[in-house]
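The structure under discussion appears below in the form of structure tokens.
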Amino acid sequence: MPIFKYLVLNKSNIPQYIEIEQPVNEEPLVEHPLTGEPIERVLYAPTITLNHSSIREKKTLSADHLKKHGFSVFQKNKNSKDYTQTLGENPNINPSNG
């Protein structure tokens with residue numbers, strides 16, 4: 001989904017902008033989703049982020065990649081507040097909340 005830029009129409013001396021991700025075919029918003037202030041969609045040149053994609057994110061967070069770069073992964077046990085190390089090598093860490 002694309003990200004649209006909106007100007008907050010609050011009579012401030014400093015213009016305030018927000019960016020909102022929404023479908024292309026959806027009507028432009030007329031009020032700020034959190035504050036209820038009036039807003040107006042602003043036309044601007046889009047930017048393309050070439051370094052981020054869901055495929056690249058999955059690759060970066062894969063177990064092999066994390067292990068290669070020395071990260072550890074812990075998973076919370078469902079029935080307790082403890083965590084179990086599932087990836088990495090550091091036997092001295094015990095990340096329990098208890």
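Return the long-range amide H neighbours of PHE4 (sequence gap of 5 or more, or a different chain), with a cut-off of under 5 Å between placed amide H atoms.
Placed amide hydrogens put ILE20, GLU21, GLN22 under 5 Å from PHE4.
Taking chymotrypsin sites (Phe, Trp or Tyr not before Pro) as exposed when DSSP calls them loop (any state but H, G, I, E, B) and at most 15 other Cβ atoms lie within 10 Å, what is the longest stretch of the chain free of them, the sites themselves excluded?
1-43
Once you've got the GNM for the chain with C-alpha springs shorter than 10 Å, pick whichever of SER80, SER54, SER62 has the biggest mean-square fluctuation.
Sorting by GNM fluctuation, first place goes to SER80.
Using a Förster distance of 22 Å, how high is the FRET efficiency between THR35 and ASN13, based on the Cβ-Cβ distance and rounded to 0.05?
Efficiency at R0 = 22 Å is approximately 0.80.
Taking DSSP loops as anything outside H, G, I, E and B, show the longest stretch in the chain free of trypsin sites (Lys or Arg not before Pro) there with at most 11 other beta carbons within 10 Å.
So the longest stretch without any such site is 12-77.
With n ≥ 4 as the cut-off for DSSP H runs, can you work out [θ] at 222 nm for the chain, using -39500 (n - 2.57) per run divided by the number of residues, rounded to the nearest 500?
For the chain, the value works out to -3000 deg cm²/dmol.
Calculate, axis by axis, the spread of Cα positions in the chain along the three principal axes, and write the results as whole Å, longest axis first.
So the three principal-axis extents are 57, 34, 28 Å.
Expressed in nm to one decimal, what extension gain is obtained for the pair VAL73 and LEU87 from 0.36 nm per residue of sequence separation less their Cα-Cα distance?
Fully extending the segment from VAL73 to LEU87 adds 4.6 nm.
Across the chain, how many lysine pairs, 8 or more apart or on two chains, come within less than 25 Å at their alpha-carbon atoms?
Lysine pairs, 8 or more places apart or on different chains, close enough: 11.
Read the figures in this text as sums done on the coordinates, not as results from a lab. Quick caveat: nothing in here was measured; it's all calculated off a predicted structure. Don't worry about glycine lacking a Cβ; one is built from the backbone with ideal geometry, like all the others, and counts go over all protein chains shown.
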